[in-house]
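Notes to accompany the following structure.
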Amino acid sequence: MSALKVLPDEPIIPKKPAVDPSTLGYRDLLRGPFWQRIPAYAEVTEEQFLDHNWQAKHTITNPTKLLAAVQALVSPSFIEDAELGFKRAPMSLRVSPYLLSLIDWTNPYEDPLRIQFIPMGSKLRPDHPKLDLDSLHEQADAPVPGLTHRYPDKALFLALNTCPVYCRFCTRSYAVGIDTEEVEKVSLKVSSERWARAFEYIRSRPELEDIVISGGDSYQLRAQQIEEIGDALLAIPNVRRMRFATKGPAVMPQKLLTDHAWTDALTRVVEKGRKLHKEVVLHTHFNHPNEITGITEDAMMKLMERGITVRNQSVLQRGVNDSPETMTKLVKRMGHLNVHAYYVYVHDLVKGVEDLRTSVDTAIFIEKHVRGSTAGFNTPTFVVDAPGGGGKRDVHSYEYYDRETGISVYQAPSVKAGQFFLYFDPLHQLSTAVQRRWADPAEHEQMTSAAIAKAKERTR
Ligand code: SF4
């Protein structure tokens, strides 16, 4: 007799109301020749636009050229404001045609992509007095140049110092890109000698199992260099996991589709790793749903077909993704493309971008809304990368948080036992009275000591 039973002809009574179609908007990805909205790209064909070489050739690295490309779309006052912003910015500039085309130039002040990559003089705010250029103390934890060994089993290998885009909010603005009027950078150029020293160190430390290859950005490595690094690390017996980190898919997904040598090189390293029972994945960096288009979908599906896992790390930024709606849409959109939302960082204390920072409280609020909107493995952990080298701490795990002074105190027992790490909310989110206290250096010690004393009371 068949195991299948014929069910009685009864209607299915839904337990949940029908879904509001607008909540599925995260699946609607921009397709078609959207770049032709920009006068400079009006005649650019799809074939050209999808070609990574065309994207690279037409990438703008000079503020004057960037502003000239959008001059017909924005007001003269916007241009003046941006010129002032560039003069004060500590980052180099690199904007691909893809990225430029995704900015809404009818409303550039509010656009989340413009905010991340093009500074406006009128929006800049004074830095927090406790800010430091290398706030994560990556250099202090580097046994050889460009290799940070902070966590017991993990190291960060900074293979190079260039990126496919330069983000205003970059934690590594101390090293990434060329010198600017504000910052003279630490040199982390591609060098086989420097790389060899890093590999030697990794081999000499049996506890190191997990290596992040970053920079700079893995997109800027040549195909042969991807394999060179991959092969060297896979050959080290203690290395069990590797991640190539790149912002590239967010600013030039075309490369994954048309730079066959690069994508094939990555695929070979992933496959070789799999045969050796070692995990090799790609870590990327989407911050806003608008960075993800139909081109991104095609690129991510190509990686999916090749069995390449992609995880994402976002940075929480004011005016970009600091609302539950935007962050939830980003997380769901990435999930739709099989990109795992791994971390959301509370913005590091980075020079010149105080306008982008949000508070620990904001992060906690947004996290509460994102959690539950999708499966747990697709839900990012919201973290503070503890200034001073404490590593990533779950934003909720503070020992003490004074919302009035904006000081949160964290500990990292498995990273640097016994130490306290302080994060500082941006001044503009604090009361005027407290802002006045931060303006007086004599008050700093009092506020920080009081916060640490409270934290000590709780950890006794
Ligand atoms: S791509 Fe990454 S390393 Fe490069 S500037 Fe942006 S955040 Fe910094």
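The values are calculated or read from the model by the stated rules, or taken from the named source; none is laboratory data. Just so it is clear, the structure is predicted and the values come from calculations on it, not from any experiment. Cβ placement follows ideal geometry from the backbone for every residue including glycine, while neighbour counts extend to all protein chains displayed.
Below is a table of values for the structure above.
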{"item": "Set LEU84, LEU66: member being in contact with a Ser or Thr (Cβ under 9 Å, 6 or more places away or on another chain), hydrophobic (A, V, I, L, M, F, W, C) and part of a helix (DSSP H, G or I)", "result": "LEU84"}
{"item": "Top-ranked residue of the range 201-223 - restricted to ones that are part of a helix (DSSP H, G or I) and in contact (Cβ under 8 Å) with a residue 12 or more places away in the chain, ranked as farthest from the ligand (Cβ to nearest atom)", "result": "ARG203"}
{"item": "The lone exception for GLU110 - which of (1) closer than 20 Å to GLN254 by Cβ; (2) assigned to a loop (DSSP other than H, G, I, E, B) it fails", "result": "(1)"}
{"item": "So SER101, is it free of Cβ contacts under 8 Å to residues at least 40 places away in the same chain and in a helix (DSSP H, G or I)", "result": "no"}
{"item": "Counted residues, the range 343-390 - those being touching a Pro at 6+ places or on another chain (Cβ under 6 Å) and closer than 27 Å to PRO413 by Cα", "result": "5"}
{"item": "Residue in the range 408-426 that is over 30 Å from HIS336 (Cα atoms) and basic (Lys, Arg) present", "result": "yes"}
{"item": "Scope the range 67-99; condition over 15 Å from PRO164 (Cβ atoms) and among the aliphatic types (A, V, I, L, M); matching residues", "result": "LEU67, ALA68, ALA69, VAL70, ALA72, LEU73, VAL74, ILE79, ALA82, LEU84, ALA89"}
{"item": "Residues satisfying the stated conditions in the range 49-62, i.e. within 16 Å of the ligand (Cβ to nearest atom), surrounded by 14 or more Cβ atoms within 10 Å (Cβ to Cβ) and either part of a loop (DSSP other than H, G, I, E, B) or of a type outside the set (A, V, I, L, M, F, W, C) (or both)", "result": "GLN55, THR59"}
{"item": "In the range 237-261, the residues that are within 16 Å of the ligand (Cβ to nearest atom) and either assigned to a helix (DSSP H, G or I) or basic (Lys, Arg) (or both)", "result": "ARG243, LYS247, GLY248, PRO249, ALA250, VAL251, LYS255, LEU256"}
{"item": "Pairs, first farther than 13 Å from PRO108 by Cα in the range 57-77, second among the β-branched types (Val, Ile, Thr) and surrounded by 11 or more Cβ atoms within 10 Å (Cβ to Cβ), C-beta under 7 Å, six or more apart", "result": "THR59/VAL95; ILE60/VAL95; LEU66/ILE60; LEU66/VAL95; ALA69/ILE60"}
{"item": "The range 257-280 residues that are free of Cβ contacts under 8 Å to residues at least 40 places away in the same chain, paired with ones that are of a type in the set (A, V, I, L, M) and part of a strand (DSSP E or B) (beta carbon under 6 Å, 6 or more apart)", "result": "VAL270/VAL280"}
{"item": "Breaking point among (1) at negative phi; (2) not in a helix (DSSP H, G or I), for ILE226", "result": "(2)"}
{"item": "Residue within the range 403-419 that is part of a loop (DSSP other than H, G, I, E, B), more than 30 Å from THR23 (Cα to Cα) and under 22 Å from the mean Cα position of the chain (by Cα) present", "result": "no"}
{"item": "Hey, GLY85 on the phi > 0 side of the Ramachandran plot and either aromatic (Phe, Trp, Tyr) or within 28 Å of the chain's Cα centre (by Cα) (or both) or not", "result": "no"}
{"item": "Residue count, the range 263-295 (criterion: within 16 Å of the ligand (Cβ to nearest atom) and in a helix (DSSP H, G or I))", "result": "1"}
{"item": "Test: residue in the range 161-184 that is crowded, with 16+ Cβ neighbours inside 10 Å, more than 30 Å from VAL44 (Cβ to Cβ) and at pLDDT 90 or above", "result": "no"}
